[in-house]
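Take a look at the structure set out below.
Each reported figure results from applying straightforward, stated rules to the coordinates on display, with no laboratory input. Every value quoted in this text rests on a predicted model; they were computed, and no experiment measured them. Quick reminder, even Gly has a Cβ in these numbers, built from the backbone with ideal geometry, and neighbours come from all protein chains shown.
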Amino acid sequence: MKKIFIIIVIALLPVELLLAHHVLGRPAYSLNEDSNTPPSMQVETQIGNYFINYMVYPAFPKPNEPGRINLYASRLDNDAPFTGEVTFTVRDDSWFNQDEEPLGKQPVDDNVFRQGFVFAKDGNYVITASFKAEGEPYIIEFPLRIGNPAPIGPLGIAFGLIALILVTVSVIQRKRLGRLKVRQAQQDINV
Amino acid sequence: MTDDELFALVNDGSICIINGERTMVHPGLPYVWGGVVGFVMLLASLWMLRTSVKNSKNSPRFNLISLPVLGNLIRYITTRAWVLTSIKSISVILFLMVIVAGLFGTPIAERNLATMLTWNVWWAGLILAVFFLGTTWCSICPWDAIATWLVRRRLWLRAEPNNSFNLRVPKQLRTIWPALLLFTGLTWLELGAGVTTNPYATALLALIMVVLATLSLSLFERKAFCQYFCPIGRTVGFYAQLAPVELRPIDNDVCLNCTSLECFHGTDLIEPCPTHLVMGTLKQSTYCTSCGNCSQSCPEQNVAWRLRSPSTEAIQESRPHWDEAWFMLGLMALTLFHGVTMMPFWSSWISNFGQIINDSGQMLWTFSIGLIISLLMPIFLYAMMVWLTKYLTRTTLSFRRVFTQMAFVAIPLAFAYHLAHNLNHLLRESIGTWAVLQNPLGNNMLPLSLSEQYFRHMQLQPHQDILFAVQAGLMVFGFIIAIKVIHARGQYLFNSSVKFSAWKLMPVLLFAVGMTSLHLFLLMQPMTMRM
C-alpha cells in the first residue's frame, strides 16, 4: 500500500511542479521616514493572476531576534485581495539542500498574511510562501539573510579555479620543458 | 517628508508612481532642447544631400609630445613601465575593495562600495573616459592586471613565456562574436538579473572576469581575452574610434624603414603588442589597449599620443569586417535597450507581456525575449535600409559588403546616446561616493530615505541646465558624425560603380534620423534611477 502511495505521489509530482509558479524576486531595502520603524526588505513580483508584495521586518534580522514577514497578494486584473491561507516554510540556501521546515500557516488579517520568525544561526535562507487559488498552486520563494554569514563559497571557488589553472599549466609546461631538455641533450650526444 | 513636499515632487516630475510605489525619476531633456536638436538634424540632413564629400587623405594631427613641458611629461609617463604599473596597482586595489565590499558588506546597493563604485562611477564614467582618453582604460584594467601578474609572475617587464601554453586562438574564435555574446550576457545580468543593485552579485561578476582573464592568458598567446572576448574592451575599442586622441607613429617613414618591428615582437625587456598590432600600419584604435609596450620598445622613440578630429577614423580609416559590423550594430541596439529599460513605462510593459506568456517572479523569460527583440529589431531595420540603398544605387556590390561598410554609422549614434545617458547617471548617482569610500562595507548604514534620494539626485553640480545643454550637444555631435560616415563611406562604396548622388543614400540617412529621434525621445522622458 505504501509503495502504491509513493508511486502515485511521484507520478503526480511533475504535474504539481509544472502548474506551480516558481518565483524569486529582487529585494529592495527601504526606510520609512514617517515612522521610527527599522528599515525593511521588500520584494514585489507577479505570479500567475496575482501581484505579490512581501516585506521583511527588520531588513537585516540577527540570530535569536524576532522578525516578521508581511505578504500581500492581490489579483492583477481587479486588485481583489487573496483571502485564503498562506503556508510559510524555510530552507537553508545551500547547494543541493531541499529540506524544508514549516514556519506556519497564516489566515488573512486585514488583507495581510503575517508570519513571525526567529532564527538561531547566521545564514542564507530561502522562505517559501505557498497558497492555492482557483485550484492552482502558487509558490513564491525569496531570500532571507540572517546575521552575517561568511561568503566563503564564491571566494573559495574563484581561488580554487585560479589555483587549478595556474598549477595545471605550470606542471604541464615543466614536464614539456623537461622533455625538451632531455631531447636536446640526446641530440647533442648524438652529434 | 511631508505630504505637501511629496506632492510638490510628484508635480515637479521628480517622483512618479510605478506599480503603486513612489519611485524617484530623473527629469528628461526639456522639449526646447529636443526642438533644437531636431532642427540641427534637419539642416545636417539637407547639407548631406546637397553637398559632395572631399575625402582628405591626411586630416590634421597634433603630436602631444611637441607641447612644451606637458609633452615631456607625456613622453616620460608613456615610456616608463613603472608609472603605468603604479596606476594599475591603484586600479587593482579598488577592484579588490569592490570584491571584499560586495561579499562582506551591506546588501544596500547605495551604501556599498561594490555597487556604487562599479555601476555609478566606473560603468557610467567609462564611456565618458573614452570620449577624452580613448582606450586608456584597458591599460589599467584590473582583471587583466591581476591575471597578468598571476600568470606571468612579473609586475612589469617581459616575463618568461613558459608560464602559459601560448596557443594560437582557434581560427573560429578569432572574431569578436564571443565579445558580442558576452556583452549581451552582461546586459542581461545588469538589467535583467539586477546585478547593478546587488553588491554580492557585483563581486561575483568581478571574480568571474578575473577567472576568465586568467584562463585565457594561461591558454592563449598574448592577450586573447582583450582582443576577442572582453565585452568591455571591445566596447571601449569601438567607441575609441571617435576619441580625439590616438597612439600612432610620429614619423611614418621611420616605421616604413623599420625591419625589426619591436612594437610587434617586443624586446628582451618589453612585452610584444598584446593584440598583434604593427604600429607602422595602424589605422584603427579598436584593438589598441594603450598598454604602452610600443612606445617603450620602439628604439627610435617614434610612437606618441596625438590629437585628431574625432570623426577621422570612423569616416574613412577603419577597415570593416563582418563580425565587427555586427558588434557595432549590437552595441547600438543594446545601448538603446539600456535606455528603454529605465523608462517608467518599462515595468508595466514587462508586467503585461509577462501575463501574456504566463511568466512570473523576476520575469526573466519576459526580459530575455524583450532583450532579443530589442537586439534584433534595429539590426533588422538597418539591414532593410542597406537592401534599399543597394536597390536605389543599382550596385553590383554584395549585400554583405554594403552592410559591413555602412555599419560604422552605428558607432556615433550609439556613442552619443550612451554618453548623454551615462552623463545623467554619473552626475546624479555618483554623489555620495566619497561617503561610501569612507565606509566601503556600509556597516551600520540605513537605506536612503526619499528626501535623501531627492537631495542626492536633484542637487547636482554643475547645474541641471548645463547637463541638458551637454546632452543636446552630444546628440548633435553623434548625428553629424553619423551623416559624415554615411556620406564618406557611401561615396567610397558607390562612386566608382554608378553615377553617385547622395539622395541614393537616403535609406541609411533615414535610419540615422530614426535612431537619433528614438534616442532623443528617450532622453526627453523621465528616467527611473538605478539605486
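Just need log10 I(q)/I(0) for chain B at q = 0.06, 0.09, 0.10 Å⁻¹, Debye formula, equal scatterers on the alpha-carbon atoms, no solvent, rounded to two decimals. Debye curve over Cα of chain B, log10 I(q)/I(0) at q = 0.06, 0.09, 0.10 Å⁻¹: -0.30, -0.70, -0.87.
Considering every alpha-carbon pair of the stretch A:151-191, the percent of pairs per 10 Å bin, from zero through the bin containing the longest distance, is 27, 27, 19, 15, 9, 3, 0.
With N the number of residues in the stretch B:306-402, Rg(Cα) / (2.2 N^0.38 Å) evaluates to 1.46.
Computed per residue of chain B from DSSP H runs no shorter than four, each worth -39500 (n - 2.57), the mean residue ellipticity at 222 nm is -18000 deg cm²/dmol. Length available on full extension from B:Leu73 to B:Arg319: 0.36 nm per residue minus the Cα-Cα distance, which gives 85.3 nm. Residue exposure proxy: B:Tyr228, B:Tyr417, A:Tyr125, A:Tyr72, ordered by other Cβ atoms within 10 angstrom of their Cβ from fewest to most, comes out as A:Tyr72, A:Tyr125, B:Tyr228, B:Tyr417. Taking 16 Å as the straight-line reach from the Cα of A:Lys132, the aspartates and glutamates in range (excluding those fewer than 8 positions away in the same chain) are A:Glu16, A:Glu85, A:Glu141.
Using the Cβ-Cβ distance between B:Phe380 and A:Asn190 with R0 = 41 Å, the FRET efficiency computed as 1/(1 + (r/R0)^6) comes to roughly 0.05. Suppose a student asked you for the relative contact order of chain B, using Cα pairs under 8 Å spaced at least 6 residues apart; what percent would you report? Computed value for chain B: 24 percent relative contact order. Using the alpha-carbon positions of the protein assembly as shown, Rg (one decimal) and Dmax (whole number) come out as 28.7, 97 Å. With a Förster radius of 51 Å applied to the C-beta separation of B:Leu388 and A:Val171, the computed FRET efficiency comes to 0.30. Distance from the C-alpha centroid of the stretch B:87-101 to that of the stretch B:322-364: 31 Å, rounded to the whole angstrom.
For the residues of A:74-81, the average number of beta carbons from a partner chain within 10 Å of their own beta carbon is 1. For trypsin sites (Lys or Arg not before Pro), the sites in the stretch B:389-423 that DSSP calls loop and that have at most 13 other Cβ atoms within 10 Å are B:Arg394. For peptide A:149-162, the mean count of partner chain Cβ atoms within 10 Å of a residue's Cβ comes to 4.
Taking the number of Cβ atoms within 10 Å of each Cβ as an exposure proxy, the fewest-first ranking of B:Cys258, B:Cys138, B:Cys230 is B:Cys258, B:Cys138, B:Cys230. If you take the Cα centroid of the stretch A:81-124 and the Cα centroid of the stretch A:59-79, the two points sit 9 Å apart. Applying a threshold of 31 Å to the alpha-carbon distances of A:Lys62/B:Lys88; A:Lys62/A:Lys105; B:Lys283/B:Lys390; B:Lys223/B:Lys484 flags A:Lys62/B:Lys88; B:Lys223/B:Lys484 as lying beyond it. What separates the Cα centres of the stretch B:193-228 and the stretch B:461-524 is a distance of 34 Å.
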